[in-house]
Amino acid sequence: MSNSSDFLTNARKLLHDIFGFTDFKPAQAEVIEALCQGHNVLALMPTGAGKSLCYQIPALLHQGVTVVISPLIALMDDQVAAAHMAGIAAGALHSGTSPENIRIMANKMRDNTLKLLYVSPERAVTNRFINFLHQVSVSFFAIDEAHCVSQWGHDFRPEYRRLSILAKHFPNVPRIALTATANSHTREDILHYLSLPNPKIFVHSFDRPNIDYQVIEKSNGKKQLLKFIRSMGNDCCGIVYCSSRKKVENITRFLQEESINALPYHAGMDNQQRSYNQRKFTQEDGIIMVATVAFGMGIDKPDVRFVAHLDMPPSIERFYQESGRAGRDGLPAVSWLCHGLNDFVLLHERIMESSSDNTQKNIELAKLAQMLAYCENNSCRRKFLLSCLDENSEKEHCGHCDNCRQPPECFDALLPVQKLLSCIWRVKQAFPATHIIDILRGRLTEDVSHHNHDKLSTFGIGKEFNIHQWRSIIRQCIAYGCLNVSFVDQSLRLTTMARPLLLGEKSISLRIPYRHHTDKLTEFKQLLTVRQEKLWIALKQWRIETAKSQDVPAFVIFNDRTLQELVEKMPTCITDLYDIYGLGEAKIQHFGVEIINLCRIAKDG
Ligand code: ADP
Ligand code: MG
């Protein structure tokens, strides 16, 4: 093995010449070096940290083929397309690969000219495949999305457990496992089931500094969503998560009627339509995917500008994973979440009605409580989120979330909270939030008069707040811990923390309910000159056409960050292109002339 500085020089050269990047991202160089030195590696790095490069560069630095295990066909095909575009010899082996293609790849492996082979876990463990690998030279094994091996993760795939067979057959080939799921259970499962002896473990911070976190209280979810999408500009790409299939259909229709380029995705649609929509989303610009959780793994489109949650997810882990699909390219992106008391009540109900045992139910209730606490949290969202992932951020304020930008105004809430708690007490803790609010606001509904609740001293004592405001106060009280929701009938119950408040022995400060957020991200496009705007449009158009003609996703041609740099710098000769983010030798050879022509026209024009 060459010495470390030579090695890094070579790796850096590849980074620049093949991938068109100037610097390694955090942890990449260390991971690459460890793998090339022959260590087994476990890399825990968040989405967008650039895990692929951690095995692609070693593959290029060494003789033989690097075998990459990947769980999804679409994911493999995109990676292969991207590798080809960068001039790397790569192939994929899965149920959709033609015999002809298999023959070609096999020959290339015998000749030692294939650098990367992506393979599904099912194929990787067959005798046939393993026997074949014995006849060729294998440089590394990379096991991507390694959390699939664990039942603790969200995407358990039993076939992953059989991958330890690779360790048995090829004990001397270094293996790297990569994942963005960091919790300790998953980590132990990976080390155990993939049998990675003496691994070097790299843990990268799970902070996603380019994501701006925003939470708003739900009043009219649809309209709030529309307003948010419009604030993001016209042609940006995003994902909207909804809690049910029906809602996905409904929201898609609504957005389409508002001339938004939206498509639906959920497990109840027929397969063909679903893959068509997914393909369209990855390949084209400016599509908004409205989806259930079914839309998830394998979406590694780098230029998703926002992830919107129209309903509260059931746990921080899920939220982190879903919101993390925004901004893989490192450019500004937004996580927007709109939540209301109903979300909490429904999720609560769902957990209680599930067939899980009590231990599991309690785990899930605790996760839900944590999620609510994120929504109701009045200080830095990022700090809170990271603390849930067992990471302590040094900064109190990230300056890059709604609460940091505009600290919530709080008020002394003792009096309204006492009204609320005593009302709940007087109805014997046997009624749900809606009913309690009706009493407080003095509404004579059928239920209220049926139970004679209009005779209570608390009837009509809370008219100063509307329904949304009361709901907000109730949620904040749940998050504070003086209230909870009954497992049985969703009625509101007092906890021991309610007593000192009722007696006035403690004070409580809450956020002034129902604040309209007017946060808006300064969009790059708004800063453009007329010429730049022209070039922006021309390059995008050219990218769509080129992607279509080559049958690859648009971002494989080049991504938004490249687009942004081209527009900023307007290069006029081929050599200038080498300084542009994301353009390496192969892409410049292929597209350099066309890109320069477009830039020249814009500059002259
Ligand atoms: P992950 O698998 O960790 O989610 P990817 O490997 O898909 O991340 O990479 C995310 C994005 O970052 C891709 O668009 C990739 O091209 C880009 N990228 C990777 N390494 C670098 C780097 N050193 N400099 C700039 N961009 C990078
Ligand atoms: Mg990846």
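Details
- Test: residue in region 585-603 that is closer than 17 Å to residue 82 by Cβ, touching a residue at least 40 places away in the same chain (Cβ under 8 Å) and touching an Asp or Glu at 6+ places or on another chain (Cβ under 7 Å): yes
- Qualifying residues in region 483-522 (those that are hydrophobic (A, V, I, L, M, F, W, C) and under 30 Å from residue 211 (Cβ atoms)) - the one modelled with the highest pLDDT: 510
- All positions within region 457-471 that are buried (at least 20 other Cβ atoms within 10 Å of the Cβ) and basic (Lys, Arg): 471
- Within region 46-71, restricting attention to residues that are part of a loop (DSSP other than H, G, I, E, B) and within 14 Å of ligand 2 (Cβ to nearest atom), the residue that is farthest from residue 25 (Cα to Cα) is 71.
Here is a yes/no grid of residues against (1) assigned to a helix (DSSP H, G or I); (2) surrounded by 21 or more Cβ atoms within 10 Å (Cβ to Cβ):
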residue: 187; (1), (2): yes, yes
residue: 190; (1), (2): yes, yes
residue: 198; (1), (2): no, no
residue: 208; (1), (2): no, yes
residue: 215; (1), (2): no, no
residue: 219; (1), (2): no, no
residue: 222; (1), (2): yes, no
residue: 225; (1), (2): yes, yes
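- Total residues in region 229-244, condition more than 21 Å from residue 540 (Cα to Cα) and modelled with pLDDT of 95 or more: 3
- Evaluating residue 234 against the criteria (1) touching a Leu at 6+ places or on another chain (Cβ under 7 Å); (2) part of a loop (DSSP other than H, G, I, E, B) leaves one unmet condition, (1).
- Any hit, region 424-438, residues being touching a residue at least 12 places away in the same chain (Cβ under 8 Å), of a type in the set (D, E, K, R) and out of contact with any His (no Cβ under 9 Å at 6 or more places or on another chain): no
For every residue, the table says whether it meets (1) under 25 Å from residue 469 (Cα atoms); (2) of a type outside the set (Gly, Ala, Ser); (3) free of Cβ contacts under 8 Å to residues at least 40 places away in the same chain.
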{"site": "317", "(1), (2), (3)": "no, yes, no"}
{"site": "323", "(1), (2), (3)": "no, no, no"}
{"site": "327", "(1), (2), (3)": "no, no, no"}
{"site": "339", "(1), (2), (3)": "yes, yes, no"}
{"site": "348", "(1), (2), (3)": "yes, yes, no"}
{"site": "352", "(1), (2), (3)": "no, yes, no"}
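- Within region 171-183, the set of residues being surrounded by fewer than 17 Cβ atoms within 10 Å (Cβ to Cβ) and either within 29 Å of residue 62 (Cα to Cα) or free of Cβ contacts under 8 Å to residues at least 12 places away in the same chain (or both) comprises 171, 172.
- Residue list for region 325-353, restricted to those being within 16 Å of ligand 2 (Cβ to nearest atom) and either assigned to a strand (DSSP E or B) or surrounded by fewer than 20 Cβ atoms within 10 Å (Cβ to Cβ) (or both): 330
- Per the conditions (1) over 25 Å from residue 167 (Cα atoms); (2) more than 16 Å from ligand 2 (Cβ to nearest atom); (3) touching a Leu at 6+ places or on another chain (Cβ under 8 Å), the sole criterion not satisfied by residue 93 is (1).
- Candidate set: region 134-153, residues that are modelled with pLDDT under 90 and of a type in the set (S, T, N, Q); chosen: the one nearest to ligand 2 (Cβ to nearest atom): 150
- Of all residues in region 113-131 being out of contact with any helix residue (DSSP H, G or I) (no Cβ under 6 Å at 6 or more places or on another chain) and within 24 Å of residue 81 (Cβ to Cβ), the one that is surrounded by the most Cβ atoms within 10 Å (Cβ to Cβ): 117
- Residues of region 551-563 satisfying the condition of being more than 16 Å from ligand 2 (Cβ to nearest atom) and either buried (at least 21 other Cβ atoms within 10 Å of the Cβ) or over 28 Å from the mean Cα position of the chain (by Cα) (or both): 554, 557, 558, 560, 562, 563
- Looking only at region 378-387, and only at residues there that are surrounded by fewer than 19 Cβ atoms within 10 Å (Cβ to Cβ) and touching a residue at least 12 places away in the same chain (Cβ under 8 Å), the one that is nearest to residue 207 (Cα to Cα): 379
- Flag for residue 73 being more than 13 Å from ligand 1 (Cβ to nearest atom) and aliphatic (A, V, I, L, M): yes
- Selection count where residues are within 16 Å of ligand 1 (Cβ to nearest atom) and either among the polar types (S, T, N, Q) or touching a residue at least 40 places away in the same chain (Cβ under 8 Å) (or both), scope region 557-577: 6
- Looking across region 276-324, the residues that are more than 16 Å from ligand 2 (Cβ to nearest atom), among the aromatic types (Phe, Trp, Tyr) and within 30 Å of residue 219 (Cα to Cα) come down to 281, 295, 306, 319.
- Of all the residues in region 46-57, those that are of a type in the set (A, V, I, L, M), at pLDDT below 95 and more than 6 Å from ligand 1 (Cβ to nearest atom) number 0.
- The single residue among 38, 48 that is touching a residue at least 40 places away in the same chain (Cβ under 8 Å), out of contact with any Asp or Glu (no Cβ under 9 Å at 6 or more places or on another chain) and assigned by TED's automatic domain parsing to the domain that holds residue 158 turns out to be 38.
- Residue 439 vs. criteria in the same structural domain as residue 507 (by TED's automatic domain parsing), touching a Phe, Trp or Tyr at 6+ places or on another chain (Cβ under 6 Å) and buried (at least 16 other Cβ atoms within 10 Å of the Cβ): yes
- Matching residues, region 22-45, being buried (at least 19 other Cβ atoms within 10 Å of the Cβ), near ligand 1 (Cβ under 7 Å from one of its atoms) and not in a helix (DSSP H, G or I): 24, 45
- Residue 165 being in a helix (DSSP H, G or I), outside the structural domain of residue 250 (by TED's automatic domain parsing) and without any contact (Cβ under 8 Å) to a residue 60 or more places away in the chain: yes
The values are calculated or read from the model by the stated rules, or taken from the named source; none is laboratory data. Since the model is a prediction, treat every value here as computed from it, not as a measurement. Glycine gets a Cβ as well: all are built from the backbone with ideal geometry, and neighbour counts include every protein chain shown.
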